[in-house]
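These notes concern the structure reproduced below.
Computed from the coordinates by the stated procedures, all read-outs in this text should not be read as laboratory data. It should be emphasised that the depicted structure is a prediction, and the values quoted were computed from it without experimental measurement. Cβ atoms come from the backbone with ideal geometry, glycine included; neighbour counts cover every protein chain shown.
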């Protein structure tokens with residue numbers, strides 16, 4: 001059974017909205033927008049939380065001096081099998097960096113990277129995964 005990222009994100013957002021409506025005591029019949037409830041609780045969209053966690057971990061990995069950094073940069077010998085390869089963690093990180101506008105921030109500069117990830121988390125999250133207008 002294959003993993004569909006769009007379906008998983010949709011299920012995650014649906015669950016997040018249901019829990020926020022439950023916390024606020026809002027009924028679906030009230031037709032209160034989820035953004036209003038998020039603002040009422042001072043929360044951001046769940047997808048931006050996932051992006052920021054992955055980007056924070058990427059910064060940690062880039063600054064690490066141990067084996068974790070060596071392993072992520074390791075080239076494996078041999079050829080790949082047929083078909084499209086699975087999406088790697090690094091491909092997800094590259095996409096997140098591009099979407100969050102962190103291409104000019106150096107992850108080795110801890111303070112700048114942390115500031116960039118925090119400010120990108122506060123930006124509105126695009127629905128389709130495309131970059132937000134800044």
**Prompt:** Could you give the distance between the Cα centres of the range 65-84 and the range 7-34, to the whole Å?
**Reply:** 40 Å
**Request:** Pick out which of 115, 54, 80 has the largest mean-square fluctuation in a Gaussian network model of the chain, springs linking Cα atoms closer than 10 Å.
**Result:** 80
**Request:** Note the full-extension length gain between residue 63 and residue 103 as 0.36 nm times their separation in residues minus their Cα-Cα distance, in nm to one decimal.
**Result:** 12.7 nm
**Fill in**
FRET efficiency for residue 80 and residue 50 from the Cβ-Cβ distance with R0 = 30 Å, rounded to 0.05, comes out at 0.65
**Request:** Grab the Cα-Cα distance for residue 18 and residue 43, subtract it from 0.36 nm times how many residues apart they are, and report the gain in nm with one decimal.
**Result:** 7.6 nm
**Complete:** Calculated from DSSP helices alone, with each H run of at least 4 adding -39500 (n - 2.57) and the total divided by the residues of the chain, [θ]222 nm to the nearest 500 comes to -18000 deg cm²/dmol
**Complete:** Contour minus Cα-Cα span, residue 6 to residue 35, at 0.36 nm per residue, comes to 8.4 nm
**Fill in**
Highest GNM mean-square fluctuation among 33, 107, 77, for the chain with Cα springs under 10 Å, belongs to 77
**Complete:** Simple spin-label estimate for residue 114/residue 70, 7 Å along Cα→Cβ, in nm, reads 2.8 nm
**Request:** Principal axes first, then extents: for the Cα atoms of the chain, list largest minus smallest coordinate on each axis, whole Å, largest first.
**Result:** 58, 41, 27
**Asked** What shape does the range 1-43 have by the C-alpha gyration tensor, where a ≥ b ≥ c are the square roots of the eigenvalues, rounded means a/c under 1.5, and otherwise prolate means a/b greater than b/c and oblate the rest?
**Response** prolate
